[in-house]
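Below is one structure, written out as structure tokens; the observations come after it.
The values are calculated or read from the model by the stated rules, or taken from the named source; none is laboratory data. Please read these numbers as outputs of a predicted model, since none were measured by experiment. All Cβ positions, glycine included, derive from the backbone under ideal geometry; neighbour counts span all protein chains shown.
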Amino acid sequence: MTKPKRIFDNARRAAPRGRGAERRVILAAVAVAYVASMAAYADDCVLPPAPSKIPDGASANEQEMVSAMQTLKQYNGDVDTYLKCLDFEQKQNRLSRTEEERKHNEAVDAMTKIAAKFNEQVRTFKAKSG
């Protein structure tokens, strides 16, 4: 004869037991913390600061110009990351399309101005060296 199933047997099997249960609880807590931290990070789209100094092409040496170019490349990458963050925020409906466009345009304008200043100094530097 088969033993009749009791309701409590199913409940006992479904309840967490042993070390495996502890691991599942810890993994679930870590997953929740990770998701919460990513949401908090996504809310913090921060426009990177523009490079503070562009060397004077008339008096700068080649190393200073190369260093400034590398700084501008890093700034460009940081702005690209910022723009992706804004796009993500807008797609998640945490930022209005209008606000995303305004912040996007501000960032691109700032990047364009600093690049124009640098390019002007590069032309001056090349004319001096040429």
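Residues that are under 14 Å from Thr124 (Cα atoms) and either touching a helix residue (DSSP H, G or I) at 6+ places or on another chain (Cβ under 7 Å) or surrounded by fewer than 11 Cβ atoms within 10 Å (Cβ to Cβ) (or both) within segment 62-74 comprise Glu62, Met65, listed in sequence order. Are any of the residues in segment 26-49 aromatic (Phe, Trp, Tyr), modelled with pLDDT under 65 and farther than 30 Å from Lys126 by Cβ? Yes; the residues of segment 26-49 include at least one that is aromatic (Phe, Trp, Tyr), modelled with pLDDT under 65 and farther than 30 Å from Lys126 by Cβ. Just one of the listed residues (Ala107, Ala58) is exposed (fewer than 11 other Cβ atoms within 10 Å of the Cβ) and in contact (Cβ under 8 Å) with a residue 40 or more places away in the chain, and it is Ala58.
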